[in-house]
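Coordinate-derived values only; no laboratory data. Since the model is a prediction, treat every value here as computed from it, not as a measurement. Cβ coordinates were reconstructed from backbone atoms using ideal geometry, including for glycine residues, and neighbour counts include every protein chain displayed.
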Amino acid sequence: MLIGLQNLTFEFGSRLIVEDATWHINPGERIGLIGYNGTGKSTLLKVLVGEYLPAKGSVEKGRDTTIGYLHQDLLSFDTNDSILEVAMGAFEKVKQLEKEIELLGMELEETSDEKLLHDYSDKLHELEMLGGYTIHHRTEEVLQGLGFANEDLTRPYKEFSGGWRMRVLLAKMILQQPDVLLMDEPTNHLDLPSIEWLEKYLRHYQGSVVIVSHDKFFLNRMVNKIVELYQQQLHIYIGDYEYYEREKEVRVELQQKAYENQQDYIRQQEKFVERFKAKASKAAAAQSVMKRLDKIERIENAEIERPNIKINFQVDKQPGRIICELKHISKSFGNIEILRNTSIEIDRGDKIALIGANGKGKSTLLRIVAGTEKYEGLRNWGHNVEESFYAQHQLEALNVNNTILDEMKECGSKKTELELRSLMGCFLFSGDDTDKRIKVLSGGEKARVALAKVIVSKSNFLLLDEPTNHLDMHSVELLADALNKYEGSFLLVSHDRFFISKTANKIWEIVDHEIKEFKGTYLEWVEWKERMAKHQSSKKKEQDNLAKAQEQVNKAQELVAAPVTKNNPNAPINIEREHKKELQKLQRQFQKVEEDIARFNLQKTQIESDLSNPDSYKEANKFSQLEKSYSAVQEQLKTANAQYEQLFEKIMELENNL
Ligand SMILES: Nc1ncnc2c1ncn2[C@@H]1O[C@H](COP(=O)(O)OP(=O)(O)OP(=O)(O)O)[C@@H](O)[C@H]1O
Ligand SMILES: [Mg+2]
């Protein structure tokens with residue numbers, strides 16, 4: 001074992017984070033640490049690295065285990081040092097040694113003590129052994145590998161955007177080559193190419209890795225073990241994320257079944273007790289049943305507890321047809337050109353996703369629209385537009401010393417304290433929670449405060465820069481739903497493919513310093529891109545007449561098929577018709593089974609009430625008859641329920657294919 005927790009309990013005051021947890025991290029393991037926002041994942045990492053001390057139990061660590069830790073709010077780290085210096089922080093030991101050598105050298109200039117001289121040469125030797133003379137070179141290499149240009153290396157760290165800062169800290173960790181990497185939401189600040197880079201790097205990484213992440217795709221590719229923090233317990237799943245999803249469902253179902261069976265049993269026994277406790281002849285039996293019932297270890301109801309935030313964006317005033325006009329906009333940072341003489345318009349009803357790599361200027365463009373960044377050209381607001389800006393550094397812009405309630409009061413809405421408290425309730429901050437200081441909030445909790453601030457403004461135009469960062473998967477879905485219902489317009493930046501595809505009706509991309517607009521959803525955009533790519537490559541083969549003819553036929557077919565089979569251009573029409581027929585058939589069956597189930601349930605309750613009627617026990621015959629029909633109806637119910645499920649699944653499948 002490299003490091004681990006042994007029967008560990010951790011709490012913040014009265015709030016229990018994890019109870020009696022045991023978890024060993026072994027060499028070569030790739031672990032995804034998951035859980036809803038605020039359950040304590042970041043806290044657990046801090047306990048592992050010794051930043052927090054447990055209330056009970058212990059953290060056990062191999063004597064020589066080295067740990068690299070990438071924490072969640074990396075933007076709070078700021079320095080004027082160059083990125084080369086920051087990354088070279090990896091060589092603390094070497095640096096320390098260099099300092100000592102320098103001091104010794106100075107002393108030696110004054111005295112010529114034999115022992116000092118020995119020390120001096122020992123230390124020089126140690127420095128060589130540690131590779132001290134090559135650290136500069138090695139750091140440069142890694143940074144360049146991560147995409148930094150040579151002239152960037154001496155620029156101050158604070159000048160870089162989130163994604164690039166992340167890479168500097170990553171470089172530092174890579175150079176340290178620790179046995180265990182602990183990474184808290186590493187993909188939050190990275191664009192797709194960098195995420196892919198990180199995936200490749202981690203795949204070849206020899207040590208163990210623990211990744212906290214809300215990114216399904218990433219987890220699926222990176223980990224072979226999932227540790228879920230849920231209801232103050234660690235649940236371990238040996239497999240990737242997909243395995244976890246399946247297995248969790250099975251576990252929950254099993255527990256739910258066990259729970260229901262036990263409840264049935266308890267109810268039966270209770271009925272028995274109820275029926276017989278007053279009868280002298282049976283009272284003793286009833287007594288012992290009662291005792292047995294008391295002793296049963298009760299199985300918990302397995303229904304999954306989910307944090308359901310209630311997001312409801314509202315609009316105060318309706319704006320005019322045009323929200324914002326950008327005309328001949330140019331923008332550069334020094335000699336880095338971002339936009340060149342580009343024009344575009346945002347109309348009422350537009351739900352725009354701005355996509356593309358880090359550093360292309362997505363956040364800059366958002367700031368230009370919001371008016372917090374200088375630019376050349378014209379920007380005209382439409383009539384009655386009220387905008388609200390959720391900036392990328394929004395979480396860092398929260399005043400960490402404020403309580404949640406103060407923070408909400410300061411954003412200038414006319415809401416009373418009571419109204420604000422009830423709003424915060426929708427974001428899962430109930431009662432005393434609103435007196436918590438921002439400082440102690442988890443990443444996801446801070447994101448919820450920032451979102452609440454956007455909501456309180458009731459604007460009709462939202463600018464959202466990576467709003468899904470830090471949010472757990474369930475909350476991302478709820479946010480997407482809320483944006484779908486929103487009556488206003490928005491422009492958002494996101495790297496989350498799922499989220500974009502659920503929210504946007506237009507895609508913007510910055511290509512060659514211009515804003516390119518695609519009118520359609522993300523999936524349509526992807527298809528279009530693919531078609532364009534195909535088109536390009538087929539152009540090259542133009543000499544091949546045969547192929548060309550075939551292509552034309554294909555195209556013609558596509559055109560014919562397109563309007564009908566919008567979602568699946570390759571499916572011929574008659575298959576679809578078949579599907580529809582089949583679907584209708586299944587739906588009829590489904591309805592019938594539903595009616596059967598209702599009928600059986602009715603029969604069952606009828607028999608149950610007969611059974612509980614003491615008269616039934618008078619005639620032996622009647623009683624056994626009842627018992628028989630009871631088990632018969634239960635059997636029927638079981639079969640019907642199974643059919644019901646099967647039909648349901650088939651229908652879902654067909655509907656998805658249509
Ligand atoms: N110093 C502290 N004092 C009191 N409560 C704290 C402190 N630090 C964190 N908390 C609370 O403990 C809980 C767990 O926080 P933590 O940051 O570990 O969550 P998390 O699982 O990493 O969540 P996220 O997915 O949002 O990053 C949160 O409710 C947070 O508000
Ligand atoms: Mg966290």
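Helix 192-204 sits at what angle to the longest principal axis of the chain, using alpha carbons and giving 0 to 90 degrees rounded to 10? Relative to the chain, helix 192-204 is tipped by roughly 90 degrees.
Suppose every Lys and Arg Cβ carries +1 and every Asp and Glu Cβ carries -1, with no other charges. What dipole size does the chain come out with about its Cα centre, to the nearest 20 debye? Mind dumping the intermediate values first?
On the way: 90 positive and 106 negative charges, 621 e Å.
The calculated dipole for the chain is roughly 2980 debye.
Ranking Trp23, Phe498, Met222 by how far each Cα lies toward the positive end of the dipole of the chain (charges on Cβ) leaves Phe498 at the top.
Judged by the mean number of other Cβ atoms found within 10 Å, the most tightly packed of the peptides 15-23, 162-170 leads the ranking 162-170, 15-23.
Backbone geometry of the range 466-481 corresponds, through the Karplus equation with coefficients 6.51, -1.76 and 1.60 at θ = phi - 60°, to 3J(HN,Hα) couplings of 6, x, 8, 3, 6, 7, 6, 4, 5, 5, 4, 4, 5, 5, 4, 4 Hz, x marking Gly and Pro.
Applied to the range 309-323, the Karplus parametrisation 6.51 cos²θ - 1.76 cosθ + 1.60 on θ = phi - 60° returns per-residue 3J(HN,Hα) values of 6, 10, 9, 9, 6, 10, 10, 7, 10, 7, x, x, 5, 9, 8 Hz, with x for Gly and Pro. Only Lys, Arg, Asp and Glu carry charge here, each on its Cβ (+1 for the first two, -1 for the last two); on that basis the range 12-108 has a dipole of about 520 debye about its Cα centre.
A straight Cα-to-Cα reach below 18 Å connects Lys282 with the lysines Lys271, Lys291, Lys618, residues fewer than 8 places away in its own chain not being considered. At an R0 of 45 angstrom, the distance between the Cβ atoms of Ala284 and Val252 translates into a FRET efficiency of 0.70. Near the amide H of Phe313, within less than 5 Å, lie no amide hydrogens of residues on another chain or at least 5 residues away, with H placed in the peptide plane. Angle of helix 417-426 to the longest C-alpha principal axis of the chain, folded into 0 to 90 degrees and rounded to 10: 80°. To the nearest ten degrees, helix 92-110 and the longest principal axis of the Cα atoms of the chain are 30 degrees apart. Applied to the range 591-599, the Karplus parametrisation 6.51 cos²θ - 1.76 cosθ + 1.60 on θ = phi - 60° returns per-residue 3J(HN,Hα) values of 4, 5, 4, 4, 5, 4, 4, 4, 5 Hz, with x for Gly and Pro.
Close amide H pairs (under 5 Å, H built 1.01 Å from N) link Ile34 with Val227, Glu228, Leu229, residues at least 5 positions away or on another chain.
Give, in nm to one decimal, the length gained when the segment between Asn301 and Asp435 is fully stretched (0.36 nm per residue of separation minus the Cα-Cα distance).
Gain in length upon complete extension: 45.0 nm.
Taking a ≥ b ≥ c as the square roots of the eigenvalues of the Cα gyration tensor, an a/c ratio of 1.5 or more together with a/b larger than b/c marks the range 322-529 as prolate. Projected label points at Ser609 and Glu92, each 7 Å from Cα along the beta carbon direction, are separated by 7.4 nanometres.
Taking packing as the residue-averaged number of other Cβ atoms within 10 angstrom, the listed peptides 524-533, 316-325 run from highest to lowest as 316-325, 524-533. Of the peptides 474-481, 640-647, 190-197, the order by per-residue mean of other Cβ atoms within 10 Å, starting with the highest, comes out as 474-481, 190-197, 640-647. Here the extension length gained between Arg267 and Asn150 equals 34.7 nm, from 0.36 nm per residue of separation less the Cα-Cα distance.
For the range 90-149 versus the range 305-371, the spacing of their alpha-carbon centroids is 49 Å.
Which of Ile3, Gln206, Val526 sits farthest toward the positive end of the charge dipole of the chain, with +1 on the Cβ of Lys and Arg and -1 on the Cβ of Asp and Glu? Most positive-ward Cα: Val526. Tell me whether the chain comes out rounded, prolate or oblate; compute the Cα gyration tensor, take square roots of the eigenvalues as a ≥ b ≥ c, and use a/c under 1.5 as the rounded threshold. In terms of gyration-tensor shape, oblate. Between Glu114 and Glu126, the modelled labels are 2.2 nm apart [label points 7 Å from Cα along Cα→Cβ].
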